[in-house]
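Throughout, read-outs are computed from the coordinates displayed, never taken from laboratory work. This structure is a prediction, so every number in the text was calculated from the model and none was measured. Using ideal geometry, Cβ is built from the backbone for each residue, glycine included, and neighbour counts are taken over all protein chains shown.
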Amino acid sequence: MTEGLEFLISGMFFGLVVGTSPGPLLALVFSETLKHTKEEGIKIAISPLITEFPILLFVLLILSNLIKYGSIIGIISLFGACYLIHLGIKNLRVKTSVLEVESAKEDGLKQGVIANLLNPNPYLFWLSIGGPMIFESLDIHISATALFISGFYTLLVGSNIGIALIVEKSKSFIGSKYYLYVVRALGIALILFALVFVTDGLKLMGIF
């Protein structure tokens, strides 16, 4: 039960990080809410529930053929650590101006689906971080896997919906130092989390 709870917390952490870190999806949530209504922003926020299922299945299919090769999964874990460090540094350097992008007046859900499918971040996340964690959770119990995935998407979608609601009420929050503090704190947490992936990767490669 405790191990399952750990996966739930990990999923929620990564969902919060992905949901609040500047990127194409968050930029669309931000701009469409400002230009139209919070409903358009919310449509974009829920788009990962549509687009990421096939991405997840595709990645798991690839990893399932590699899972018996511990050294390969170890290398993927090290790649995941590098990716986490990259995201962490990106968060530490973030400026709110990166959110101020233009977007065409189209259906919000359609824009979100297209942006997520063409965004490399979901593919990189599930290949290097989420996928290996799913296989690790399956070694414990399928309920741990369910907790990880549900925690991830609850906070991913929930944080984007929350931002859409906040943006409609107050643009100043997204442009404030408090939002930057949150994003940068998550950046530090990402870098620390990368150390776990380095350790796991080295163990799988028989080095540590």
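Positive end of the dipole of region 2-204, charges at C-beta (+1 Lys, Arg; -1 Asp, Glu), about the Cα centre: which of Leu155, Pro22, Leu8 has its Cα farthest in that direction? Checked the options; the winner is Pro22. Calculate how steeply helix 142-169 sits against the longest principal axis of the alpha-carbon atoms of the chain, using the helix alpha-carbon long axis, and give the answer as 0 to 90 degrees to the nearest 10. So the helix axis and the longest Cα principal axis differ by about 20 degrees. With 0.36 nm allotted per residue and the present C-alpha distance subtracted, the Lys177-Glu6 stretch has 58.5 nm of extension available. In the elastic network of the chain, a GNM with C-alpha springs shorter than 10 Å, the most mobile of Val196, Val18, Val59 is Val196.
Where is the GNM fluctuation largest for the chain (alpha-carbon springs, 10 angstrom cutoff): Leu138, Leu109, Leu26? Ranking Leu138, Leu109, Leu26 by mean-square fluctuation puts Leu138 first. About its Cα centre, the dipole of the chain is roughly 560 debye, where the only charges are +1 on Lys and Arg Cβ and -1 on Asp and Glu Cβ. GNM remark for the chain: springs join alpha carbons under 10 Å apart, and the peak mean-square fluctuation among Leu25, Leu155, Leu192 falls on Leu192.
When only Cα pairs under 8 Å and 6 or more residues apart are kept, what is the percent relative contact order across region 2-204?
46
For the chain, the number of Lys pairs separated by eight or more positions or lying on different chains, with C-alpha atoms closer than 17 Å, is 15. Can you tell me how the chain classifies by the Cα gyration tensor, rounded, prolate or oblate, using a/c under 1.5 as the rounded cut? Judged from the Cα gyration tensor, the chain comes out prolate (a/c at least 1.5, a/b above b/c). Taking a ≥ b ≥ c as the square roots of the eigenvalues of the alpha carbon gyration tensor, region 10-85 is prolate, as a/c is not under 1.5 and a/b beats b/c.
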